[in-house]
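Since the structure comes first, as structure tokens, the remarks are kept for the end.
The values are calculated or read from the model by the stated rules, or taken from the named source; none is laboratory data. Fair warning: this is a prediction, and the values are worked out from it, not measured in the lab. Don't worry about glycine lacking a Cβ; one is built from the backbone with ideal geometry, like all the others, and counts go over all protein chains shown.
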Amino acid sequence: MKVKYLFPNKYKKVGLFVLIPSAIIGLLTFILNYEPDFLTLNVPAIFINEFFGDNYLFGFIKNNIFNEILGILTIISSLLVAFSKEKSEDEFISKIRLESLVWAVYFNYAVLLISFLFIYGLSFLWVMVFNMFTVLLFFIIRFNWQIFKLKKSDSYEE
Amino acid sequence: MKNSIKVERAKKNITQADLATLAKVSRQTINAMELGKYVPSTVLALRLAEIFEVEISEIFTLEESDWS
């Protein structure tokens, strides 16, 4: 079956190879609030809102780009892991893929709704940071779990 | 929907893996269809009919529950 919206199978491994270190480093630097000085640069920005200052459009601001780099790496590698073809990508796998995607969106928003109700103030910032990555993460976990179950459970018959 | 893939496969004396290769799908898909867990697309159903050299209606039959 020809599907145009998936990456070739080999990118799944490439994605995992990048995703695991960037997610771990990203999480650690976020928790420890670590920012290496040499990555503090003047960067272009579309919308600028300065503390005790004006709001304006288009300009340059001083910013540490370490978290941007890690965030971009995590998102791109998650997309590769999530949307690379399986070795035998057929219509049955596509159905499992679609079901897992719907499930992941539901689950993600269920978690977000619970967080809305029970997490307040600055702690909610953490929820928003994690929520940027969780749809893809939940999808990857659920889809691969389903594929694993399928391969394991299916009894071989001659 | 019921199907007689397993019977047709026995007539031809081929394994799930053989049929999977012929139909260009994974063995899990063949297994899921035989167990009634997956209803194939029209394209796959037609491919199976061609492989078994029978009419498509000889492999797949509607059940009462398919109308609800």
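In table form, for the structure just shown:
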item: Meets criteria (among the aromatic types (Phe, Trp, Tyr), touching a Pro at 6+ places or on another chain (Cβ under 9 Å), within 29 Å of B:Lys37 (Cα to Cα) and within 14 Å of chain B (Cβ to nearest Cβ)) for A:Phe148; result: no
item: Residue in region A:10-32 that is surrounded by 12 or more Cβ atoms within 10 Å (Cβ to Cβ), part of a strand (DSSP E or B) and touching a strand residue (DSSP E or B) at 6+ places or on another chain (Cβ under 7 Å) present; result: no
item: Members of region A:33-51 found to be surrounded by 12 or more Cβ atoms within 10 Å (Cβ to Cβ) and either β-branched (Val, Ile, Thr) or part of a helix (DSSP H, G or I) (or both), listed by number; result: A:Leu39, A:Thr40, A:Val43, A:Ile48
item: Residue match in region A:57-71 (condition: touching a Phe, Trp or Tyr at 6+ places or on another chain (Cβ under 8 Å) and assigned to a strand (DSSP E or B)); result: yes
item: Number of the condition not met by A:Ile72 [criteria: (1) under 30 Å from A:Pro44 (Cβ atoms); (2) in contact (Cβ under 8 Å) with a residue 12 or more places away in the chain]; result: (2)
item: Members of region A:72-97 that are surrounded by fewer than 19 Cβ atoms within 10 Å (Cβ to Cβ), over 17 Å from the mean Cα position of the chain (by Cα) and in a helix (DSSP H, G or I); result: A:Glu91, A:Ser94, A:Lys95
item: Yes/no for A:Phe116 being more than 23 Å from A:Asn33 (Cα to Cα), modelled with pLDDT under 95 and assigned to a helix (DSSP H, G or I); result: yes
item: Qualifying positions in region B:44-59 - hydrophobic (A, V, I, L, M, F, W, C) and either exposed (fewer than 10 other Cβ atoms within 10 Å of the Cβ) or under 21 Å from B:Asn13 (Cβ atoms) (or both); result: B:Leu48, B:Ala49, B:Ile51, B:Phe52, B:Val54, B:Ile59
item: Selected residue (only one of A:Phe107, A:Phe139, A:Phe133 is out of contact with any Asp or Glu (no Cβ under 8 Å at 6 or more places or on another chain), more than 14 Å from chain B (Cβ to nearest Cβ) and over 20 Å from A:Ile20 (Cβ atoms)); result: A:Phe107
item: Entirely in chain B, the helices (runs of 4 or more DSSP H) that have 1 or more residues that are under 21 Å from A:Glu89 (Cβ atoms) and away from chain A (no Cβ under 14 Å); result: B:42-52
